[in-house]
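Chemist: Just dropping this structure here.
The values are calculated or read from the model by the stated rules, or taken from the named source; none is laboratory data. Source: prediction; values computed, not measured. Glycine also receives a Cβ, built like all others from the backbone with ideal geometry; neighbour counts cover every protein chain displayed. Surface areas here come from the heavy atoms of the whole protein model, side chains and all, with no ligands, DNA or RNA. Shrake-Rupley method; radii C 1.70, N 1.55, O 1.52, S 1.80 Å.
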Amino acid sequence: MDTRDYLGEFELLILLSVIHLDDQAYGVPISREIERHRNRAVSVSSVYAALDRLEGKGLVSSSLGDATPERGGRAKRYFQVTQEGLRAVHETRRALNSLWRRLPALEKEAV
Amino acid sequence: MNKRQPPTIATWILHHLTPGQPNESLHGDLLEELQNGRSSAWYWRQVMTALAFATAREMRAHWPALTFAALWAVMARTWWHFVFWSAAHRVGLILPWPYSIFLGTAAIILESLWAGLGVYVWLYALLHGDSRIDGFARAFWLAPSLYFTLTIAIKIIAHPLGIRLSNLDALHPVIYCLSFATAAWGVRVIEPNLAAGKQN
């Protein structure tokens, strides 16, 4: 992966959630999506902290949506995965798959 | 539909005590979740987590100010104990109470806080190769204000708890670092477009 950093577990979960949610990817659905798959609570601010980090690395971009009354007139911040982000996800999957394939016994025991 | 109101104090903390730029989208998300049935306890937890994350982020972003504050606190304290007091004793500068408080206060402001901030701002401008510094004046009144507010607050809290004031001496470098670093965090090089805006 050249000199780029590998994605952390939480960063990978967020990127996958953003890809899955498509044009509905903002703080609340992203944290709900991660909670659903991890079976434990995720704070919205930790999601934002990770998204800010990913945006700093150029892996996601964000844009502001419309303000709604139920949000006290505050706009939603929608996130999209960039080409660089997609490349990072594929690269991480390739590295993980390659490692998992070398551990067939562990894969059976973990079920 | 009845709108659920978020806990007032938690909202105030989110707005006023969370360091850095206010995250309006996060605030909107928390309100949205509250309307969707989340509890006040959940809202409080989210606010406290946001506060912790923002503080950690600001500390990482401003590590030079924090490091300088810690180093200067050690140097100022050493100078205060081993140079200032011995010199003051030699020339008979030790005043009786309550006048000694004025001398001590002036010494803390001039020698510890303002001299430290002066050196910090000078180094900051030198490293950035730019003398257009913003936040300089604010830092000079903010540092002593924070220092004395925190010192008095701790003494007010400690007194009913029966904690001896001499036992609080160890907290002074921590209070100093917090005050200095908070004031120094606001010191920035003025961006060219902002500088042009200020001139207009």
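Chemist: Is it true that A:LEU16 is more than 10 Å from chain B (Cβ to nearest Cβ), open to solvent by 10 Å² or more (accessible area, probe 1.4 Å), within 23 Å of A:ARG93 (Cα to Cα) and at pLDDT 95 or above? Show your work before the answer.
Modeler: On the way: more than 10 Å from chain B (Cβ to nearest Cβ): yes; open to solvent by 10 Å² or more (accessible area, probe 1.4 Å): yes; within 23 Å of A:ARG93 (Cα to Cα): yes; at pLDDT 95 or above: yes.
Yes: the conditions hold for A:LEU16.
Chemist: Taking helices (runs of 4 or more DSSP H) that fall entirely within the range B:1-118, which contain at least 1 residues that are within 11 Å of another protein chain (Cβ to nearest Cβ)? Write out each step before concluding.
Modeler: Working: elements: B:8-12, B:24-35, B:40-61, B:63-79, B:85-90, B:99-107.
Those helices (runs of 4 or more DSSP H) span B:8-12, B:24-35, B:40-61.
Chemist: How many residues are more than 23 Å from the chain's Cα centre (by Cα) and modelled with pLDDT of 75 or more if we restrict to the range B:156-193?
Modeler: 4
Okay, residues lined up against (1) closer than 26 Å to B:THR55 by Cα; (2) charged (D, E, K, R):
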| position | (1), (2) |
| --- | --- |
| A:SER31 | yes, no |
| A:ALA41 | yes, no |
| A:ALA49 | yes, no |
| A:GLU55 | yes, yes |
| A:SER61 | yes, no |
| A:ASP66 | no, yes |
| A:GLN83 | no, no |
| A:LEU86 | no, no |
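Chemist: Also, I was wondering about something else. Checking B:SER100 against (1) small (Gly, Ala, Ser); (2) surrounded by 12 or more Cβ atoms within 10 Å (Cβ to Cβ); (3) at pLDDT 75 or above, which single condition isn't satisfied?
Modeler: In the conditions (1) small (Gly, Ala, Ser); (2) surrounded by 12 or more Cβ atoms within 10 Å (Cβ to Cβ); (3) at pLDDT 75 or above, B:SER100 misses (3) alone.
Chemist: Now for a separate question. If I go through the range B:15-34 residue by residue, how many of them are at pLDDT below 90 and out of contact with any strand residue (DSSP E or B) (no Cβ under 8 Å at 6 or more places or on another chain)?
Modeler: Looking only at that region, the number is 9.
Chemist: Is at least one residue of the range B:53-74 under 30 Å from B:LYS3 (Cα atoms), open to solvent by 50 Å² or more (accessible area, probe 1.4 Å) and at pLDDT 85 or above? Step through it out loud before you land on a result.
Modeler: The first filter runs over the range B:53-74 and keeps only residues under 30 Å from B:LYS3 (Cα atoms), leaving B:53-54.
In the following step, the residues that additionally are open to solvent by 50 Å² or more (accessible area, probe 1.4 Å) were identified as B:53.
Imposing the further condition that a residue be at pLDDT 85 or above reduces the set to B:53.
The answer is yes; a qualifying residue exists.
Chemist: Something else about it: Which condition breaks for A:GLY58 when tested against (1) modelled with pLDDT of 90 or more; (2) part of a loop (DSSP other than H, G, I, E, B); (3) within 14 Å of another protein chain (Cβ to nearest Cβ)?
Modeler: Condition not satisfied by A:GLY58: (3).
Chemist: A follow-up question, please. Pairs under 8 Å by beta carbon, first residue open to solvent by less than 20 Å² (accessible area, probe 1.4 Å) in the range A:41-68, partner in a strand (DSSP E or B), six or more apart or different chains?
Modeler: Going by the 8 Å Cβ cut-off, the qualifying pairs are A:LEU51/A:VAL60; A:LEU51/A:SER62; A:LEU51/A:PHE79; A:LEU54/A:VAL60; A:LEU59/A:VAL81; A:VAL60/A:PHE79; A:VAL60/A:GLN80; A:VAL60/A:VAL81.
Chemist: I'd like the full set of residues that are more than 10 Å from chain B (Cβ to nearest Cβ), surrounded by 14 or more Cβ atoms within 10 Å (Cβ to Cβ) and not in a helix (DSSP H, G or I), limited to the range A:20-40.
Modeler: Answer for the range A:20-40, where residues must be more than 10 Å from chain B (Cβ to nearest Cβ), surrounded by 14 or more Cβ atoms within 10 Å (Cβ to Cβ) and not in a helix (DSSP H, G or I): just A:ALA25.
Chemist: Regarding the range A:88-95, can at least one residue be identified that is modelled with pLDDT under 95, surrounded by 13 or more Cβ atoms within 10 Å (Cβ to Cβ) and at the interface with chain B (Cβ under 9 Å from one of its Cβ atoms)?
Modeler: no
Chemist: For B:PRO19, are the conditions met, namely being farther than 28 Å from B:TYR147 by Cα and open to solvent by less than 80 Å² (accessible area, probe 1.4 Å)?
Modeler: Numbers: farther than 28 Å from B:TYR147 by Cα: no; open to solvent by less than 80 Å² (accessible area, probe 1.4 Å): yes.
So B:PRO19 fails the test.
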